[in-house]
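Before any comments, here is the structure.
Readers should treat all values here as calculations from the given coordinates under stated rules, not as data from a laboratory. Just so you know, these numbers come straight off a predicted model, no measurement behind them. Glycine also receives a Cβ, built like all others from the backbone with ideal geometry; neighbour counts cover every protein chain displayed.
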Amino acid sequence: MNSKLLENMGLGNLDIAYVLIFMLVCIIALAVLVIIQINQNKKLQKKYEKFLQGKNAKSLESQITELCEVHDILKKNSDVHTKQIKDLYKKHKTTFQKSAIVKYDAFKEMGGKLSFCLVMLDEENDGFILNSVHSSDGCYSYTKKIKNGESEIELGNEERYALEKAMSDES
């Protein structure tokens, strides 16, 4: 069987049976691909139904919207808390964190170690020394300013010891 179409294409000697076999193979391959696509579609449909779990699209949409609103609220709260924490750290640097107290007997004849030095320092070793000297005439208190662990006024032995003790305190 000769075909004018095949002759015009330069395939006049081609047997039509080969063309039919080629077409049959293509049809079978396409049928297999369609079956594979149907199976994949069924699997996707099952996943979709499991995702919805019996809920309609409206309820799913409202849940997603609600989750987005909750996320926004949590983000705002997180930002507020972050700012509050930074403020607390800033304030914490200037609060008294280190302290020491040294009791001593200012006048050897008094006894009882009624005098004391109290040191209060912040993170930068800034603060004060409160010295209270007890004598038979009365009790006298005075303070000395501390900047970077140093005093502009000369310190007594007890005051120096209390200052060193406070600065070495790591708690």
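Annotated for region 18-97: lysine pairs at least 8 residues apart or interchain, Cα distance under 21 Å, count 13.
Within the listed set Tyr142, Tyr18, Tyr89, the residue fluctuating most in the Gaussian network model of the chain (springs between alpha-carbon atoms under 10 angstrom) is Tyr18. The label-point distance for Thr94 and Asp15, in a model that sets each label 7 Å from Cα toward Cβ, rounds to 10.2 nm. Taking Cα centre as origin and charging only the Cβ of basic (Lys, Arg, +1) and acidic (Asp, Glu, -1) residues, the dipole magnitude of region 1-141 rounds to 560 debye.
Based on Cα contacts under 8 Å between residues 6+ apart, the chain shows a relative contact order of 14 percent. By the Stokes-Einstein formula, at 1.567 mPa s and 4 °C, the chain with its Kirkwood radius over alpha-carbon pairs has D equal to 50 µm²/s. For Leu67 and Gln40, a Förster radius of 30 Å and the Cβ-Cβ distance give a FRET efficiency of 0.55, rounded to the nearest 0.05. Looking at the chain as a GNM with Cα springs under 10 Å, which of Leu67, Leu44, Leu20 has the largest mean-square fluctuation? With Cα springs under 10 Å in the chain, the top fluctuation among Leu67, Leu44, Leu20 is at Leu20.
The helix-based estimate of mean residue ellipticity at 222 nm for the chain, built from -39,500 (n - 2.57) per DSSP H run of four or more residues and divided by its residue count, is -18500 deg cm²/dmol to the nearest 500.
Shown here: region 18-91, whose C-alpha atoms stretch 90, 30, 13 Å along the first, second and third principal axes, sorted largest to smallest. Each listed q (0.14 Å⁻¹) maps to a log10 I(q)/I(0) for region 1-53, found by the Debye formula over equal Cα scatterers with no solvent: -0.57.
Projection of the Cα convex hull of region 98-168, averaged over all directions and equal to a quarter of that hull's surface, yields 4.4 nm². Phe116 sits among other residues whose Cβ lies under 13 Å from its own Cβ, and their net charge, with Lys and Arg +1 and Asp and Glu -1, is 0. Stretching Leu30 away from Asp169 to a fully extended chain increases their span by 41.8 nm, per 0.36 nm per residue minus the current alpha-carbon distance.
Positive contributions from Lys and Arg (+1) and negative ones from Asp and Glu (-1), summed over other residues with Cβ under 13 Å from the Cβ of Ala162, come out at +1.
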